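In what follows, a structure is listed as structure tokens, so that the remarks can point back to it.
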């Protein structure tokens, strides 16, 4: 990744958080230790999901008379006649193709390609058949469009996988939200990874482990601390045989069909460090799925998209997951929305100057 971009993200994160607060998003006061993060350094919204970002930012746009076009897929970027400036886009909407010209510039905020199985098969063949929790619009169309006008793509063979309940389950049934309060075990009741490692390291241990089943284990106190919308899915999982509960560790092991002695010993070895103390004990089935793709366009610290020679493409900026040179091989937990907001604001600031 680019150390300069990483520094830019770090130095602008606090201002971006305060900006979101001023727009009306309310956050919980205590920093949260998100899965895949090294320390408690993330802030959850009071609602606990991403919808509030869309609601508040959409209201802010509409109040400034921003026109939003939905169901409109950008097909290509338009080059001007002079200095290779990007001057507009061609989009396919409900009523057919249309051309949209930009007065000052274009900001790409199109996400990754985690929902595009054919592109995954081309770039990351080992992950092509995994499930995904990517947005259905994460198809990588703008990756291709940028490449077609001379932009540079990088790290296209890196993806990030996170625990999910099943390959095709839309509502996540998970217990692994706080890395300091759960453990992963395999079908033998053995722990196989340090749950506080980066997400990429954890998924590598999972895929290279050679086992057939995986579970996340927590105690009842941790379940009660899970945010309400997530907790609802946990209880639904009890009735779908994706979550199990036992009054003792041995009872839980029997329900999971794993050796009682092994699971008991595993939990004893880490029960105080991981706070797995309060019965009943819970387990959720874990299947790792694609969370995001890490490859994309290269940008500089001003959020300008770069060409193959490392020079800015005039009129073109980018933010969010479409960026390929910010995170590198592993994205630290908590840096997703952060990346979109920080570089989106930088793009807007530099575009309007």
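What follows draws every value from the coordinates through simple rules; no lab data is involved. Fair warning: this is a prediction, and the values are worked out from it, not measured in the lab. FYI the Cβ positions are ideal-geometry reconstructions off the backbone, even for glycines, and counts take in every protein chain you see.
Å³ per residue of the Cα convex hull, for segment 286-353? Mind showing how you got there, number by number?
Working: hull volume 5.9 nm³, N = 68.
Value for segment 286-353: 86 Å³ per residue.
What is the order of 270, 339, fewest Cβ neighbours within 10 Å to most? Write down the numbers at each step before the final one.
On the way: 270 14, 339 22.
Placing the least packed residue first, the sequence is 270, 339.
State the extension gain, in nm to one decimal, for the chain segment bounded by residue 257 and residue 239, taking 0.36 nm per residue of separation less the distance between their alpha-carbons. Numbers along the way, then the final one.
Numbers: separation 18, 0.36 × 18 = 6.48 nm, distance 1.76 nm.
Length gained, residue 257 through residue 239: 4.7 nm.
Under the definition of Cα pairs under 8 Å and six or more residues apart, what whole-number percent is the relative contact order of the chain? Could the numbers behind the result be given before it?
On the way: 717 pairs, mean separation 85.8, N = 353.
Dividing the mean separation by the residue count of the chain yields 24 percent.
For P(r) over Cα pairs in 20 Å bins from 0, in percent, which listed value, [x] 29, 63, 8; [y] 30, 55, 15, 0; [z] 28, 53, 18, 1, comes from the coordinates shown?
[z]
So what's segment 110-181 giving for Cα Rg divided by 2.2 N^0.38 Å, two decimals? Each step should come with its number before you reach the end.
Numbers: Rg = 14.3 Å, N = 72, 2.2 N^0.38 = 11.2 Å.
That ratio works out to 1.28.
Suppose we take every Cα in segment 166-285 and form the convex hull; what volume per residue is that in Å³? List each step's numbers first, then the result.
Values: hull volume 12.0 nm³, N = 120.
For segment 166-285, the hull spanned by Cα atoms encloses 100 Å³ per residue.
From the helices alone, meaning DSSP H stretches of at least four residues, give me the mean residue ellipticity at 222 nm for the chain, per-run term -39500 (n - 2.57), in deg cm²/dmol to the nearest 500. List each step's numbers first, then the result.
On the way: 10 runs with 112 residues, N = 353.
So the calculated ellipticity at 222 nm is -9500 deg cm²/dmol.
Per residue, how big is the convex hull around the C-alpha atoms of segment 29-142? Give it to me in cubic angstrom, could you? Working shown, then result.
On the way: hull volume 22.7 nm³, N = 114.
Value for segment 29-142: 199 Å³ per residue.
Restricting to bridges with both residues inside the chain, how much of the DSSP beta-bridge set is antiparallel, in percent to the nearest 5? Intermediate results must be reported in sequence, preceding the final value.
Values: 40 of 45 bridges.
Bridges in the chain are about 90 percent antiparallel.
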